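**Student:** Dropping a structure here in structure tokens format, bear with me for questions.
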Amino acid sequence: MKLFTEIQPLVDFIGEIRLKGKSIGLIPTMGYLHQGHITLLKNSVSENDISICTLFVNPTQFNNPEDLKNYPRDEKRDLSLLETNGCDIVFSPNVEEIYHEDRVVNFNFGYLEDIMEGKFRPNHFKGVGLIVSKFFNIIQPDRAYFGTKDLQQLVLIQKLTKELNYHIDIRPVDTVREEDGLAMSSRNARLTEEEKVQSLILFQCLSMAKEMYLKNIDIDEIRNVILDKCQKSTSFDLEYFEIVNTTSLLPVVNNGDDQHVSACIAGYVGKVRLIDNISII
Ligand code: AMP
């Protein structure tokens, strides 16, 4: 496995790989890896000659400086995990290598910035769009792997890829969960044992919503049941719960109207912000 911290040597090395006609899979991550990330990597390893992981805690996607400061990091452990799981190249640049003070380009993702994650994390997706397109341009992979755990991010990147004509196949990967249902996340490392148990409420809400939806219960009623459950919890501070069309992410109005439906939830357990979603149909 080769480690790069600078853009130009990486680009030169990728040029040589390309000359040999090899395919490249990209897995962008912010590090502090878990089995969710490793599943993305394994999918890439099975579909490409060369797999490249990025480890970069992207400052432009953090709307809260405390959150950025507290984001867990352990590069040594990450590198060892990547090596044992078949990663060929790691790109782990510092912030100065990626961003210059005089930068002016800004993304605008329209309505996607006003709903769910966009609404509660102002400018988050502008930062995601910027870093992902930088990695797409630097690495020019054939395929790029993203988790459905971050459904809104996935939809946004699918749109970015289509609208900016990147010749990259976006490969979604299902959410990997702990045995009890908690979606794996680097942020889970900041939860106490007690908070880990309290965090199960996210998956419980999503599972309840799915069950109710499949029983043809009205969307308003499902919402009321879930909001009520969250209000009664003293350890979970709900930010949003939505039942949405999986393609547009716009709210579903009537049960049965949409072909693909997902339930999405976000909120705080203690000081840790958690998000999750589930595919209903
Ligand atoms: P992050 O390091 O949190 O930015 O995540 C990097 C990539 O891993 C993103 O595409 C995430 O959607 C994906 N990911 C994060 N958690 C999971 C999980 N539990 N299962 C599958 N993919 C995940």
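The values are calculated or read from the model by the stated rules, or taken from the named source; none is laboratory data. For clarity, every value in this text was computed on a predicted model and none was experimentally measured. Neighbour counts run over all protein chains shown; Cβ positions are idealised from the backbone, glycine included. Just the protein is used for accessible areas: all its heavy atoms, side chains included, with ligands, DNA and RNA removed. Shrake-Rupley method; radii C 1.70, N 1.55, O 1.52, S 1.80 Å.
**Student:** Name the residues whose placed amide hydrogens come within less than 5 Å of the amide hydrogen of LEU250, ignoring near sequence neighbours (fewer than 5 apart) on the same chain.
**Tutor:** ASN245
**Student:** Same structure again: Counting only heavy atoms of protein chains, what accessible area per residue, in Å², does the range 181-229 have with a probe of 1.4 Å?
**Tutor:** 51
**Student:** Let me ask something additional. Output the relative contact order of the range 54-172, whole-number percent, from Cα pairs under 8 angstrom with separation of 6+ residues.
**Tutor:** 27 percent.
**Student:** Among the aspartates and glutamates, select those whose C-alpha is under 12 Å from the C-alpha of LYS42, and discard any that sit fewer than 8 residues away in the same chain.
**Tutor:** GLU83, ASP88
**Student:** Can you sort ILE278, ILE243 by solvent-accessible area, 1.4 Å probe, largest first?
**Tutor:** Ranked from most to least accessible, the order is ILE278, ILE243.
**Student:** I'd like the distance separating the alpha-carbon centroids of the range 240-281 and the range 194-210, in whole Å.
**Tutor:** Going from one Cα centre to the other spans 14 Å.
**Student:** So for SER80, SER44, SER23, what's the accessible-area order with a 1.4 Å probe, most first?
**Tutor:** SER80, SER23, SER44
**Student:** Sticking with this one: For Cα pairs less than 8 Å apart in space and 6+ apart in sequence, what is the mean separation divided by the residue count of the range 197-279, i.e. the relative contact order in percent? It would help to have the intermediate numbers written out before the result.
**Tutor:** Numbers: 130 pairs, mean separation 25.9, N = 83.
The normalised contact order for the range 197-279 reaches 31 percent.
**Student:** In addition: Could you go through the range 46-56 in sequence order and give the Karplus-derived ³J(HN,Hα) for each residue, using 6.51 cos²θ - 1.76 cosθ + 1.60 with θ = phi - 60°, rounded to whole Hz, and x for Gly and Pro?
**Tutor:** Those phi angles translate into 6, 10, 9, 6, 10, 10, 10, 9, 9, 10, 7 Hz.
**Student:** So, for the range 65-138, what is the accessible surface per residue at a probe of 1.4 Å, expressed in square angstrom?
**Tutor:** 55
**Student:** Here is a further query. What whole-number distance in Å separates the alpha-carbon centres of the range 1-30 and the range 98-163?
**Tutor:** Spelled out, the Cα-based centre of one part sits 21 Å from the other.
**Student:** Continuing with this model, one more query. Give me, ordered by chain and number, the residues 5 or more places off SER51 or on other chains with an amide H under 5 Å from its own placed amide H.
**Tutor:** Residues meeting the criterion, in which the H sits 1.01 Å from N, are GLY25, ASP88, ILE89.
**Student:** Using Cα-Cα distances under 8 Å and only pairs 6 or more residues apart, what relative contact order does the chain have, in percent? Walk me through the numbers before you get to the answer.
**Tutor:** Details: 466 pairs, mean separation 47.6, N = 281.
Relative contact order of the chain: 17 percent.
**Student:** Right, next: Just from its helices, what would the mean residue ellipticity at 222 nm be for the chain, if runs of 4 or more DSSP H residues each count -39500 (n - 2.57) and the sum is divided by every residue, rounded to the nearest 500 deg cm²/dmol?
**Tutor:** Rounded to the nearest 500, it is -12000 deg cm²/dmol.
**Student:** Now for a different question. Output ³J(HN,Hα) for the range 166-182: one whole-Hz value per residue in order, computed from phi by the Karplus curve 6.51 cos²θ - 1.76 cosθ + 1.60 with θ = phi - 60°, and x for Gly and Pro.
**Tutor:** My calculation for the range 166-182 gives 6, 8, 10, 8, 7, 10, x, 10, 4, 5, 8, 10, 5, 4, 7, x, 4 Hz in order.
**Student:** Out of residues 5 or more away from ALA144 or on other chains, whose amide H comes under 5 Å of its own, with H placed 1.01 Å from N in the peptide plane?
**Tutor:** When sequence neighbours closer than 5 places are left aside, the close amide H contacts are LEU26, ASP169, ILE170, ARG171.
**Student:** Once neighbouring chains are kept in place and the probe is 1.4 Å, which whole percent of the accessible area of the chain is contributed by carbon and sulfur? All intermediate terms of the calculation are to be shown ahead of the outcome.
**Tutor:** Working: 6660 of 13970 Å².
Reported share for carbon and sulfur atoms: 48 percent.
**Student:** At most 15 other C-beta atoms within 10 Å and a DSSP loop state: those are the exposed trypsin sites (Lys or Arg not before Pro) I care about. Give me the longest piece of the chain that has none.
**Tutor:** Result, exposed sites excluded: 104-214.
**Student:** Check cross-link reach from LYS229 to the lysines: straight Cα distance under 24 Å, and skip same-chain residues fewer than eight apart.
**Tutor:** Straight-line reach from LYS229, under 24 Å: LYS119, LYS149, LYS196, LYS210, LYS215, LYS271.
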